[in-house]
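Written out below as C-alpha cells is the structure these notes cover.
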Amino acid sequence: MPKFDAFQFFLKNSLKNTTNSTKTQFLEKNPIVGTKMAWRNKLSSSDTPPPFDNTPNALLVTASYDLTIRLWQLSTGKSIGTIQHNEGQVNAMSLTSTGRDLAVGAWQRVRIYDVSSGKDPKATIELPKNVTVVGFEAAGRWMYTGGEDGVCRIWEMRSNQLVANRLLSFSGNGVTSMVPNINQTDLFISTMSGHVWIWDVVNHMFMRLPMPDDLKIQEYVHRLAVHPSGKKLTGVTNKGRLLCWDLMTRQVESHSFDMFKSPIVPIEQDTATYGCLRDEDKHHRIQHGHGLSCRYSPDGKWIVASGSEQDVYVFNSESMEQVATLHTGCGWNWDAIFSSEGRYIFTGGNDNQVKIWDVINSKKVAQWDGHVKPLTAMCMNGPSP
C-alpha cells in the first residue's frame, strides 16, 4: 500500500508522544486477607486535587441527549466551549492528538469540527445508516469509521475531499467497535455477529480472532481496547463479560491485491498479528447489566469497565481480578476514561454529570455540571483512543 497522504487539515496536528509518568502503584497486598488486593488511600479528606491532566491541550469532550457537545479543559476543570449538534444522539466521538479536530458520529453522518471555533463543521461525511465508531490514526493522517451498515472505512484527504480508499464489509453485521494497534497498521474490529477481527490495512488482509464457545445467544463484543504495549487486546460484551487476547506478531507471506480496484478488495487470510484467547474457561465480568466500555490505564496495569449498572469496575489487567468499584450513583455509564497520566478516571452516565475519580482511593473528587440530559458519548485526546 502506498504511503498515506496526510489530511490537509491535520498537517499541524502532530505532537511528540506524551510519556506516561504515572509511577503510582494502585494496589498492595492486605496482610489480613492474604492475596486480596486493596487500593491505597494516600489522601486525606482535606486534600484538594491537582489539575486533572497536565498534558498540554488536554481536553475531555462529552455529548448528551440535550443536543450539545461540551469541551472541558482538564488543566482547569472548566467548560471552555459548546458545540450545538441538532441532528440527534451522538454515538461516538474522537479527537486528534492535539485536540484541534473533533469527529462526531451520529445518524447517517460524520461531522468534523474545528475545536477552536466550534461552529459549522469543516467536513461532513454522508453514510447509509447509524455511525457507531469514529477514530483517527495517531498522527491524524487518516480516519476510520464503522456503523450499522456493517462497513469499515478508511478515509484520507485527496484533492480537498475526504475519500474512503479502503473498505471492509461484514455483510450487514453492524460494527460495534474499531481500535488501532500501536503500530497504526492493524485495526481490531468487533461486529454484532459475535466475532472479532484483525484488519491489516497495509496488506489489506483480515482474519477472525478465536472466541469462547460459551457466548450467550446474541452476545457480542461492544467495545475493544488495546494494551499500550500492543501485546494484549480486551473487549467487553453486551452481556458484561470481559474477554482478553494475547497478541503475537509473526511473519507472513506478502499477498498481492488489485490496486486498480476502487475501493481495493480485501483478502481474508492470515495477518501478521494473531490473537490467542486467554482464560477461555473463566468468566471475568462486570456484576450486572450490559457492558458498554472498557479501557486500559496509560501504564497498562489496569482496566476500567463500565456498563448499564451504577457501578464502574477496575480490574488488574494481568490477573483480571477486580480491584476497585466506583459507585457512580447513576446508570448507563457510557464510558470511563483514564487521564493521560493515569491519576484520574472520568465517567459519564444518565444523571447528566461528568464525575472524576481518584484512582488511588477510588473516591469521587469532583463533578462537572452543564448538560441537562444524560450523556451518550465521551472522548479525550491522549495516547489511547
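Summary of values
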read-out: Whether the range 96-196 is rounded, prolate or oblate, judged on the alpha carbon gyration tensor where a/c under 1.5 counts as rounded; value: prolate
read-out: Over 31 Å between alpha carbons, listed pairs Lys239/Lys364; Lys216/Lys363; Lys239/Lys301; Lys232/Lys355; value: Lys216/Lys363
read-out: Anchor Lys231: aspartates and glutamates whose Cα lies under 18 Å away (excluding residues fewer than 8 positions away in-chain); value: Asp186, Asp200, Asp246, Asp270, Asp279, Glu280, Asp299, Glu318
read-out: Cα shape, the range 158-218, gyration tensor, a/c 1.5 rule; value: prolate
read-out: Residues with amide H under 5 Å from that of Gly194, placed H, sequence gap 5 or more; value: Val221
read-out: In sequence order, calculated HN-Hα J values of the range 80-94 (Karplus, 6.51, -1.76, 1.60; Hz; x Gly/Pro); value: 10, x, 9, 10, 7, 10, 8, 9, x, 5, 8, 8, 7, 9, 8
read-out: Label-point gap, in nm, between Arg158 and Gln367 - each point 7 angstrom along Cα→Cβ; value: 5.0
read-out: Cys152 accessible area, assembled protein chains, probe 1.4 Å, Å²; value: 0
read-out: Whole-Hz ³J(HN,Hα) from phi, Karplus 6.51 cos²θ - 1.76 cosθ + 1.60, for the range 104-121, glycine and proline x; value: 10, x, 8, 5, 6, 8, 10, 10, 10, 10, 7, 4, 5, 9, x, 9, 5, x
read-out: In nm, spacing of pseudo-spin labels at His283 and Asn86 (7 Å Cα→C-beta vector); value: 4.8
read-out: Cut-off under 5 Å, modelled amide H: who pairs with Arg285 long-range; value: Leu242
read-out: Where labels lie 7 Å past Cα in the beta-carbon direction, separation of Lys216 and Lys129 in nm; value: 2.3
read-out: Calculated from backbone phi, Karplus (6.51, -1.76, 1.60) coupling profile of the range 316-332 in Hz, x at Gly/Pro; value: 6, 6, 8, 8, 6, 7, 6, 10, 7, 10, 9, 8, 6, x, 9, x, 6
read-out: Protein-only accessible surface order, largest first, of Glu148, Glu156 at 1.4 Å; value: Glu148, Glu156
read-out: Accessible area (Å², per residue) of the range 137-196, counting only protein heavy atoms and a probe of 1.4 Å; value: 32
read-out: Cα shape, the range 52-94, gyration tensor, a/c 1.5 rule; value: prolate
read-out: Label zone at Asn57 (point 7 Å along Cα-to-Cβ), backbone N below 20 Å, the range 120-134; value: 120-123
read-out: Alpha-carbon Debye profile of the range 278-342, log10 I(q)/I(0) at 0.23 Å⁻¹; value: -0.98
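The values are calculated or read from the model by the stated rules, or taken from the named source; none is laboratory data. Worth saying up front: this structure is predicted, and the values here are computed from it rather than measured. Using ideal geometry, Cβ is built from the backbone for each residue, glycine included, and neighbour counts are taken over all protein chains shown. All accessible areas refer to the heavy atoms of the entire protein, side chains included, with ligands and DNA or RNA removed. Shrake-Rupley method; radii C 1.70, N 1.55, O 1.52, S 1.80 Å.
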